[in-house]
Amino acid sequence: MAQTNSEEVTATVVDEQGNPISGVNVFSSKGEKASSDINGQFKIKLLDDESVVLEKRGYESEIISMSDLIGKITMKKSPFLASEDDEIKMGVATKVRRDIVGALSSINTQDRLTYDNTQFVRDYINGLMLGVRGSENIRGIGNAIFVIDGVIGRDPNILNMEEVEQITVLRDANSVALYGSQGRNGVIVINTKRGKANKKEVNVNIQSGIRTPMALPRYLGSVPYMQLFNEARNNDGLDDFYDASLIQEFSTSSNKYKYPDLDLYSTEYVQPFVNFTNVITEFSGGNDKNQYYVNVGWNRNEAWVDINEDINAGSNRFNVRGNLDFKINDWITSSLDGIAVISTSKSSRANLLSSGTTLRPNAYSPFLPVDLLDTSDPTVAGQLQSANTFNGNLLGSTQQFGADAPIALAIAGGYRDTVFRSTQFNNTINFDLDRITKGLSAKTYISFDFYDSYNLTIENQFKTYEPNWEGDSITSLGVFGEDLKDQTENISTNGFTSRFGLYGLINYDTTFAKDHSLNTTLLGFYNSQRQNDVIQTDVDTHLGFQMSYDYKKKLFFDFTGTYANSIKLPEGNRGGFSPTSGIAYLISEEPFLKDSKFINYLKLKASGGVMKSDRGITALNSGGSVNNGASPYYLYDLNYSRGNNINWGDGNSNRRIDVTQGENLDLTFEERIDLNLGFETYLMNSLWIEANYFKTELDKQITFLQDQYPSYYDIFRPYNNFNKNLYTGFEIGMNFNKTYEDFSISLGANVLYSQTERTERSEVFAEDYLQTQGREISTIFGLVDQGFYSEADFTTDVNGDRVLNAGLPVPQFGSVQPGDIKYQDQNGDNIIDNDDRSAIGQSSSPWTYGVNLNLKYKRFNFFVLATGQSGADGNKLNNSFNEYYSVDGNDKYSEVVLGRWTPATASTATFPRLSSQTNQNNFRQSTFWLYDTSFFRINRAQITYEFQDTLCNQLGIEDFSINLSGTNLFEIGENKDIRQLRIGTTPLSRAYTLGLRMSF
């Protein structure tokens, strides 16, 4: 080998058998790059004292100084699933995939972002990660806790995917044990990118596109609304509210201002599409002593409602991240991370999407053209002269709305700018303690987060006008409010959250007697969180110990024990020990499989344990539902409150003292009891399969014992550890990868089946079929509908009133008529009441699955991801539908009422009879309102073209690609029109994006 200062250096890379290795990437500290050829040889320009980094997938990376570039350089081949690319960073520990005993799945983003260029972290979890339902629910047990760069509880929504290096889902108890109480439902670990020695990179990702609404509410216009409202009143025995001549005028008149037909979901108010832009730039690099990573991003989303051009409604997000790693001396390294995110969402002070759910189409005209005003009247002329006009219009209103007419408020009322700020800081110090004993190390970690939000508002006052018409002219105006510009931007807080955390660990890693390896970790963890207007600080602390042993790298054993402390519990019960363990057997290392061409890798594994947690300890309402407004602390205490005055005959009085909560000093931790059995295998050098059976019990959940106290003892009942849930099921994941010359295919799929059961409950019901014990956790209880009452179900009495026929069960929810929903009498008491409810469905899907396909031909790439679920029901009476389906009284009518019951449509009706009064019978939870939520959906697809190196070299860039992608492109589902509907809020959208990616 020849070498001179600032001159070209030549070297050869070989494997342990002396064979040349091609495709080895070589990086110098000054940014020079090279790659070894078919003979293993590379050439690179170096300066004195420079070092180079050698990398190739499947081999251990090397850092070699210039003086050591002599002769041949030997790179060691990594065992399967034991290379640097197979490292799984689990927050407080790092292992290679080959050594892991527990159930986890992991995905690295480095090779994916080019062909799957979504920037939403949750989108990279949903459908791609085994064992996850949606983007955070693991195995149906509940929402996992997110751990970002070692910090428990950080929000993944503030990240863009360009920042993310790896996402890992920890599913079984043994995998999550070191996270203490917070890990009860599973853990999703996200690690952001860090700079690499000698790898200087500048990456730019630009995306721009449009979103279109997938579905919008369809409300009826003025004429059908008035006709149907009259019908509703007639059904109730009342006269028409709208005169037929008025309805005729609305139907035939061309004066839309006098006879308005208002729809806030029309394209006049909701844009047919909105634009969005996303720009992200990354800078990274360093040498063997210091490395850096910087991410700067900007995102802009246009608002769906933007009728006031002065506001520039929409959202903007700015983020900056800096990750710095540095070497202090030969035995201490450290890292500093800083993150700042600021996002703004600007809109008018009126929420027209919400107002559109209640504002009737004939209510009023929001605009009054000034050319329709009869200014021959001096009063009208004076009003017009002093009025503010908007595109030649006055702002319309009625006596009902006055100066608060929603459209006027949107146009003239000023704006609201909601600002969210996030600041995060963390520092790690690593100590190499080999000088004390070989394999000993230590680590300290400290973090601080602060999140706050506030509103900036301009609250203008403005005039609105109610017209009086003569013919097609406005002859007089009723005036509401006054025109007054707000000169001061008002500030109001939405609250803040601050979090402080730290942990320290000591690790010892050793190999003895050649074939035996031992790794032990001792961990101490503390985390606290404060919120505004909350007196009690949330504190989570625990100690952890983990021992991992392996024999010949084929038999693995883990034991983890954590001791958690909870201030939610009474003194004497605040500590809880959680033991978990796991075992794995790498059977493919045995002689009878080691050289198999079919089975390249096969591991059998099992894990189990008991986790103590206080995560589910929260305040409850008397019926057992979660009371989110109450503190989860001091639930074990006897609580008193001041009651009413007691007046005595002598004129004196005393205030009564009420007991509001019973005492239970035996309250303790909830328990997760876990079992996981599984295997993972790699077949024919192309097919990866992983499967697990799981059984999890959540025991000792807190509740009120219903069957231990009389009903009048309600407020005296203490909290008790009693409820138990069971979760059983299986998960299967597979990935197939194959290359045929210029064509390669990657096909992945995962399936999760999770069945749940309420195994223990304390409850008292009049009927056995109302018991929830033994049923699926998300069981929906309701009445069973039997269609509609017919006219034949009634007779007319002497007063001319309809009376339900004798022998038919009598509803207790108010009088019924033909066209009302008829329910099944479950207990045969000839009465329809709440005791006739039964299990009619479940809201949670037992089956969820995802499929992804990536095809590459030369420089073209096609990627598609699909997800689906089955086995669950939705409820049209859910509050999120804003009475779109439960129409009665003065509610606004949607298109669903067109299928209403009438005598003429009795055999085909899909909706109950209309009523202008509150109907207690029809809009009760029942089978009539349930719908199947099963679906199969194309979540996203992307076509990518990577330009040739010759063009990149001409442009002075390393890599250059262009992509076209779409999201929510296609869906199959019996009730997709219901599932896709969003009422009173931002519509579910389909997006089309053009993207450019460049590396320098």
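The values are calculated or read from the model by the stated rules, or taken from the named source; none is laboratory data. The structure presented is a predicted model; accordingly, all values stated were derived computationally and were not measured. No Cβ is skipped: glycine too gets one built from the backbone with ideal geometry, and neighbour counts run over all protein chains shown.
Please go through segment 537-580 and give me each residue that is of a type in the set (S, T, Y) and within 20 Å of I506 (Cα to Cα), ordered by number. Write out each step before concluding.
Just the residues of segment 537-580 that are of a type in the set (S, T, Y), to begin with: 537, 541, 548-549, 551, 560, 562-563, 566, 578, 580.
Scanning segment 537-580 gives T541, S548, Y549, T560, T562, Y563, S578, T580.
So that you can scan it fast, the table gives a plain yes or no per residue for (1) without any contact (Cβ under 8 Å) to a residue 24 or more places away in the chain; (2) on the phi > 0 side of the Ramachandran plot; (3) of a type in the set (V, I, T):
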site: Y789; (1), (2), (3): no, no, no
site: D801; (1), (2), (3): yes, no, no
site: G814; (1), (2), (3): no, yes, no
site: K822; (1), (2), (3): no, no, no
site: D829; (1), (2), (3): yes, no, no
site: W847; (1), (2), (3): no, no, no
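Collect the residues in segment 595-632 that are under 30 Å from P79 (Cα atoms), assigned to a loop (DSSP other than H, G, I, E, B) and touching a residue at least 12 places away in the same chain (Cβ under 8 Å), keeping them in residue-number order.
K597, F598
Would you confirm, using the coordinates I've provided, whether N676 is closer than 24 Å to T728 by Cβ and surrounded by 12 or more Cβ atoms within 10 Å (Cβ to Cβ)? Break it down into steps so the answer makes sense when it comes.
On the way: closer than 24 Å to T728 by Cβ: yes; surrounded by 12 or more Cβ atoms within 10 Å (Cβ to Cβ): yes.
Answer is yes for this residue.
Enumerate the pairs (first residue in segment 571-594 and in contact (Cβ under 8 Å) with a residue 60 or more places away in the chain; second residue anywhere and of a type in the set (K, R) and outside any strand (DSSP E or B)) with beta-carbon separation below 6 Å, excluding pairs fewer than 6 apart on the same chain, so at least 6 apart or on different chains.
L586/K554
Only one of these is buried (at least 18 other Cβ atoms within 10 Å of the Cβ), among the aliphatic types (A, V, I, L, M), within 24 Å of N255 (Cα to Cα) and out of contact with any Pro (no Cβ under 6 Å at 6 or more places or on another chain): A313, A381, A303, A363. Name it. Outline the logic, then answer.
Details: A313 fails: within 24 Å of N255 (Cα to Cα); A381 fails: buried (at least 18 other Cβ atoms within 10 Å of the Cβ); A303 fails: within 24 Å of N255 (Cα to Cα).
Selected residue: A363, the only one of A313, A381, A303, A363 that is buried (at least 18 other Cβ atoms within 10 Å of the Cβ), among the aliphatic types (A, V, I, L, M), within 24 Å of N255 (Cα to Cα) and out of contact with any Pro (no Cβ under 6 Å at 6 or more places or on another chain).
Quick one: which residue in G142, G150 is on the phi > 0 side of the Ramachandran plot and surrounded by fewer than 20 Cβ atoms within 10 Å (Cβ to Cβ)?
Numbers: G150 fails: surrounded by fewer than 20 Cβ atoms within 10 Å (Cβ to Cβ).
Within the list G142, G150, the selection yields G142.
Condition (residue is within 37 Å of the chain's Cα centre (by Cα) and modelled with pLDDT under 90) applied to segment 650-660: is it met by at least one residue?
The first filter runs over segment 650-660 and keeps only residues within 37 Å of the chain's Cα centre (by Cα), leaving 660.
Filter once more, keeping what is modelled with pLDDT under 90: 660.
Scanning segment 650-660, I find at least one residue that is within 37 Å of the chain's Cα centre (by Cα) and modelled with pLDDT under 90, so the answer is yes.
Say whether the condition of being at pLDDT 95 or above and crowded, with 20+ Cβ neighbours inside 10 Å is met by at least one residue in segment 427-444.
no
To keep it simple, each residue is scored yes or no on (1) aliphatic (A, V, I, L, M); (2) under 22 Å from D932 (Cβ atoms); (3) in contact with a Phe, Trp or Tyr (Cβ under 9 Å, 6 or more places away or on another chain); (4) surrounded by 14 or more Cβ atoms within 10 Å (Cβ to Cβ).
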site	(1), (2), (3), (4)
E791	no, no, no, no
D836	no, no, yes, yes
K856	no, no, yes, yes
G868	no, yes, yes, yes
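If you take just the strands (runs of 3 or more DSSP E) that sit entirely in segment 164-228, which of them hold at least 1 residues that are assigned by TED's automatic domain parsing to the domain that holds D149 and acidic (D, E)? Step through it out loud before you land on a result.
Working: elements: 164-170, 187-192, 201-213.
Of the strands (runs of 3 or more DSSP E) lying wholly inside segment 164-228, those with at least 1 residues that are assigned by TED's automatic domain parsing to the domain that holds D149 and acidic (D, E) span 164-170.
Can you tell which of I962, I938 is in contact with a Leu (Cβ under 6 Å, 6 or more places away or on another chain), among the hydrophobic types (A, V, I, L, M, F, W, C) and within 22 Å of A866 (Cα to Cα)?
The conditions single out I938.
Quick one: how many residues across segment 63-114 are surrounded by fewer than 19 Cβ atoms within 10 Å (Cβ to Cβ), part of a strand (DSSP E or B), among the aliphatic types (A, V, I, L, M) and within 26 Å of the chain's Cα centre (by Cα)?
The total comes to 1.
Across segment 457-506, what is the number of residues that are hydrophobic (A, V, I, L, M, F, W, C), closer than 22 Å to I407 by Cα, outside any loop (DSSP other than H, G, I, E, B) and in contact (Cβ under 8 Å) with a residue 60 or more places away in the chain?
The first filter runs over segment 457-506 and keeps only residues hydrophobic (A, V, I, L, M, F, W, C), leaving 458, 462, 469, 474, 477, 479-480, 484, 491, 496, 500, 502, 505-506.
So of that shortlist, the ones also closer than 22 Å to I407 by Cα come out as 458, 462, 469, 474, 477, 479-480, 484.
Then drop every residue that is not outside any loop (DSSP other than H, G, I, E, B), which leaves 458, 469, 474, 477, 479-480, 484.
In the following step, the residues that additionally are in contact (Cβ under 8 Å) with a residue 60 or more places away in the chain were identified as 469, 474, 477, 479-480.
Here the count works out to 5.
Of everything in segment 827-875 that's touching a Gly at 6+ places or on another chain (Cβ under 6 Å) and among the polar types (S, T, N, Q), which residue is nearest to L808 (Cα to Cα)? Working first, answer last.
Taking segment 827-875 and keeping what is touching a Gly at 6+ places or on another chain (Cβ under 6 Å), we get 837, 840, 845-847, 849-850, 852, 865, 867, 873.
Among the residues that remain, those that are also among the polar types (S, T, N, Q) are: 845, 852, 867.
Details: S845: 36, N852: 55, T867: 46 Å.
It comes out as S845.
Output the residue which, of all residues in segment 470-515 that are acidic (D, E) and within 22 Å of P378 (Cβ to Cβ), is farthest from the chain's Cα centre (by Cα). Spell out how you get there, then give the answer.
First pass over segment 470-515, keeping only residues acidic (D, E): 470, 472, 482-483, 486, 489, 509, 515.
The next check asks that each one be within 22 Å of P378 (Cβ to Cβ); those that pass are 470, 472, 482-483.
Details: E470: 55, D472: 53, E482: 44, D483: 43 Å.
The residue in question is E470.
Could you pull out the residue among T510, T580, T562 that is surrounded by fewer than 17 Cβ atoms within 10 Å (Cβ to Cβ) and either of a type in the set (V, I, T) or not in a strand (DSSP E or B) (or both)? Write out each step before concluding.
Values: T580 fails: surrounded by fewer than 17 Cβ atoms within 10 Å (Cβ to Cβ); T562 fails: surrounded by fewer than 17 Cβ atoms within 10 Å (Cβ to Cβ).
So the residue among T510, T580, T562 that is surrounded by fewer than 17 Cβ atoms within 10 Å (Cβ to Cβ) and either of a type in the set (V, I, T) or not in a strand (DSSP E or B) (or both) is T510.
Could you tell me which residue of segment 899-909 is nearest to Y265 (Cα to Cα), considering only residues that are in contact (Cβ under 8 Å) with a residue 12 or more places away in the chain and surrounded by fewer than 19 Cβ atoms within 10 Å (Cβ to Cβ)? Explain how you work it out, then say what you get.
Within segment 899-909, the first condition is being in contact (Cβ under 8 Å) with a residue 12 or more places away in the chain, and the residues that meet it are 899-903, 906, 909.
When the remaining residues are screened for being surrounded by fewer than 19 Cβ atoms within 10 Å (Cβ to Cβ), the result is 899, 902-903, 906, 909.
Details: G899: 22, T902: 29, P903: 32, A906: 31, A909: 27 Å.
Within segment 899-909, the match that is nearest to Y265 (Cα to Cα) is G899.
Pick out, from segment 310-409, the strands (runs of 3 or more DSSP E) lying fully within it that include 1 or more residues that are over 23 Å from R982 (Cα atoms) and among the small types (G, A, S).
Numbers: elements: 314-327, 332-348, 367-369, 393-395.
Here the list reads 314-327, 332-348.
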